[in-house]
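Asker: Sharing a structure with you now.
The values are calculated or read from the model by the stated rules, or taken from the named source; none is laboratory data. Just so you know, these numbers come straight off a predicted model, no measurement behind them. As a convention, Cβ positions derive from the backbone with ideal geometry for all residues, glycine included, and neighbour counts pool all protein chains shown.
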Amino acid sequence: MNKKPDNNNIGNAGEYFIASVLSSKGYITTITLGRAEAYDIIAIRPDGKTIKIQVKTAWYDNKVFRLSPKDEIEKNIEYFYAFVTLKENKAPWDYYIVPSKIVAKSVREATELWLKTPGKKGQKHNDSTVRLFRSKPSKWCPSWFTQELIDSFKNNIHILKEGEQNIKNG
C-alpha cells in the first residue's frame, strides 16, 4: 500500500528529484529550502549560466498542478517550472520542465477563457486565487497549448539548455 505522504514530503521529493536529475547532467544545484519565495532550485548549467526553477509536485498522476495569480506574470528567460508527478510511487516518476514564459501565458489565457465562459447554470465565473497548469490540454486551455507542445517538455532536461528562444509557444 502506498500511503500518501504529507504535503511537505511530497514537495521535498519533487525538489530533490529534480535536483538529482540536474546534478546527474553536470549542473551545480542548490535547493533553497524555502528561503526563496519565487523558486525552489538555483542551478548553474555546465556553460556557467544560472537558472532558477520553481518545482510543483503532485502525488497523483492527475495532470493538474495548482499555481497562483503570480504565476501569470512572465519572468526572465532563466526561470523555469518543473512539474513532477510521483504517481503514488506505483510507476516511474515523470517531470515536465517548462519555461516560465509558456507557463505564464498558458495559465493567464486559460484563466481569461474560464472567466469569459458562463458556468453550467449560465452564471458568471468569479475569479479566485487558484490557477492551474495542465500537463494534458482541456477545454480551458488556449488552442496553441497542444499535447505535442506539452510532450516536448516531458522528461526533457535539455529545455534548460535550449532556453526559451528556441521554444514555439503560439
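Asker: Out of everything in the stretch 1-39 that is surrounded by fewer than 17 Cβ atoms within 10 Å (Cβ to Cβ) and either touching a Cys at 6+ places or on another chain (Cβ under 9 Å) or of a type in the set (D, E, K, R) (or both), what residue ends up being modelled with the lowest pLDDT?
Answerer: Per the stated criteria, the residue is 35.
Asker: Quick check on residue 92: is it more than 14 Å from residue 64 (Cβ to Cβ) and modelled with pLDDT under 90? Write out each step before concluding.
Answerer: Details: more than 14 Å from residue 64 (Cβ to Cβ): yes; modelled with pLDDT under 90: no.
Against the criterion (more than 14 Å from residue 64 (Cβ to Cβ) and modelled with pLDDT under 90), residue 92 does not qualify.
Asker: Before we move on, is residue 131 crowded, with 20+ Cβ neighbours inside 10 Å, under 18 Å from residue 39 (Cα atoms) and charged (D, E, K, R)?
Answerer: Details: crowded, with 20+ Cβ neighbours inside 10 Å: yes; under 18 Å from residue 39 (Cα atoms): yes; charged (D, E, K, R): yes.
Judged against the criteria, residue 131 is a match.
Asker: Of the conditions (1) aromatic (Phe, Trp, Tyr); (2) more than 13 Å from the chain's Cα centre (by Cα); (3) closer than 22 Å to residue 149 by Cα, residue 16 satisfies every one except a single condition; which number is it?
Answerer: The number of the failed condition is (3).
Asker: What are the residues in the stretch 37-82 that are closer than 16 Å to residue 16 by Cβ, touching a strand residue (DSSP E or B) at 6+ places or on another chain (Cβ under 8 Å) and of a type outside the set (Ser, Thr, Tyr), if any?
Answerer: Within the stretch 37-82, the first condition is being closer than 16 Å to residue 16 by Cβ, and the residues that meet it are 39-43, 53-59, 82.
Filter once more, keeping what is touching a strand residue (DSSP E or B) at 6+ places or on another chain (Cβ under 8 Å): 39-43, 53-58, 82.
Residues satisfying the conditions are 40, 41, 42, 43, 53, 54, 55, 56, 58, 82.
Asker: Counting only residues that are under 29 Å from residue 141 (Cα atoms) and touching a helix residue (DSSP H, G or I) at 6+ places or on another chain (Cβ under 7 Å), give me the strands (runs of 3 or more DSSP E) lying completely in the stretch 1-112 with at least 2 of them.
Answerer: Working: elements: 28-31, 41-44, 50-58, 64-67, 79-85, 94-99.
The strands (runs of 3 or more DSSP E) meeting that bar are 50-58, 79-85, 94-99.
Asker: While we're on this one: Here is a list: 145, 153. Which entry is aromatic (Phe, Trp, Tyr), in contact with a Ser or Thr (Cβ under 7 Å, 6 or more places away or on another chain) and either without any contact (Cβ under 8 Å) to a residue 40 or more places away in the chain or on the phi < 0 side of the Ramachandran plot (or both)? So that I can check it myself, show each step before the final result.
Answerer: Working: 153 fails: in contact with a Ser or Thr (Cβ under 7 Å, 6 or more places away or on another chain).
Of 145, 153, the one residue that is aromatic (Phe, Trp, Tyr), in contact with a Ser or Thr (Cβ under 7 Å, 6 or more places away or on another chain) and either without any contact (Cβ under 8 Å) to a residue 40 or more places away in the chain or on the phi < 0 side of the Ramachandran plot (or both) is 145.
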